[in-house]
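Working notes, structure below.
Throughout, read-outs are computed from the coordinates displayed, never taken from laboratory work. Since the model is a prediction, treat every value here as computed from it, not as a measurement. Positions of Cβ are generated from backbone atoms using ideal geometry, with glycine treated the same way; all protein chains shown enter the neighbour counts.
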Amino acid sequence: MKECAYYKKLKENKVQCQLCPRYCVINEGKRGNCCIRENKDGKLYLVVYGKPCAVHIDPIEKKPLYYFLPGSYSYSIGTAGCNLHCLFCQNWEISQIKPEELPSVDLPPKKAVKEAIKNNCESISYTYTEPLISYEYVLDICKEAHKRSIRNVIVSNGYINEEPLKELIKYLDAANIDLKSFDANFYRELTGASLEPVLKTLKILAKSNVHLEITTLIIPGYNDDIERIEEMCKWIKDELGDIPLHLSRVFPYYRMKDISVTPLGTLQKAKKIAEKYLTRVNLGNV
Ligand code: SF4
């Protein structure tokens, strides 16, 4: 456990987490919405510090990042939990579950960096689940990694407040952010979160020196409207620049087992529209 960096102490031993736009008020002995930040005796702690539930060595292209250290391997770490609750989550077995219900490995920051170097990885990716809610763990590894010239990559939903994001950016080299839809109702109804903070994160990252790519999972009947996809791509071009975009196929998982796998034709149609605005559009999971 490690004490969290961004929170306020309130009356009656309650705390308010300041890390993400949920601003959870947490009673003593309870956890926030993400299930991994716990109030113990009026202080907030990250319970998964140094305890990832998934560790793999992946090609960087699997993140997906196609334009950052191509052909390299990335030491990839994920801790349990998420601050979004997407009904279509593709990793729900580890993201929508309490950390106690999963096996984990002991991986303190220095050891993570040593393992990355030992396995010829040029970067460490914080991925599989939502890395930003394991903020203190990710930040400590990022600092150690930079000391040893290893780059840092987040694969994230982008649901974080500005102050902690700007602190983390000092140690980040690349990010792939999910822009799940360009529709506020979609975010509210299918993810339990809101769109605006994600757009804000994208703007902050685009203005920074962090290499940025975006992923959108195309879900038939929910976010495959071509006009909305065009609106999203135009916004990316106008507000962020010519950012690489990955349009990915969805599979029927978790609470949306009734959807169909995204037809290839839908992805190709979306790619064609996206290419009116962006020069690097790739299809994923095909
Ligand atoms: S990081 Fe977790 S505890 Fe903190 S506000 Fe977000 S969901 Fe709540």
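Give me the Debye-computed log₁₀ of I(q)/I(0) at q = 0.08, 0.15 Å⁻¹ for the chain, equal point scatterers on Cα only, no solvent, two decimals.
-0.32, -1.17
Taking only Cα atoms and a 10 Å spring cutoff, compute GNM fluctuations for the chain and point out the largest among 241, 265, 158.
Sorting by GNM fluctuation, first place goes to 265.
I'd like the distance between the alpha-carbon centres of region 95-112 and region 219-264, rounded to an integer number of Å.
Going from one Cα centre to the other spans 30 Å.
Under the rule a/c < 1.5 gives rounded, and otherwise a/b versus b/c splits prolate from oblate, where does region 2-46 land using the Cα gyration tensor?
Since a/c stays below 1.5, the shape of region 2-46 is classed as rounded.
Taking the Cα centre of the chain as origin and charging only Cβ (+1 Lys, Arg; -1 Asp, Glu), how large is the dipole, in debye to the nearest 20?
540
Under 10 Å, Cα contacts only: if you run a Gaussian network model on the chain, which one of 129, 266, 215 comes out with the highest mean-square fluctuation?
Of 129, 266, 215, the most mobile in the Gaussian network model is 266.
Over the Cα atoms of region 184-286, what is the Rg over Rh ratio if Rh follows Kirkwood?
0.96
Count the net charge of all other residues whose Cβ sits under 15 Å from the Cβ of residue 5, scoring Lys and Arg as +1 and Asp and Glu as -1.
That sum, taken over residues with Cβ under 15 Å, equals +1.
Given the -39500 (n - 2.57) contribution per DSSP H run of 4+ residues, what per-residue ellipticity at 222 nm results for the chain, rounded to the nearest 500 deg cm²/dmol?
That calculation yields -7000 deg cm²/dmol at 222 nm.
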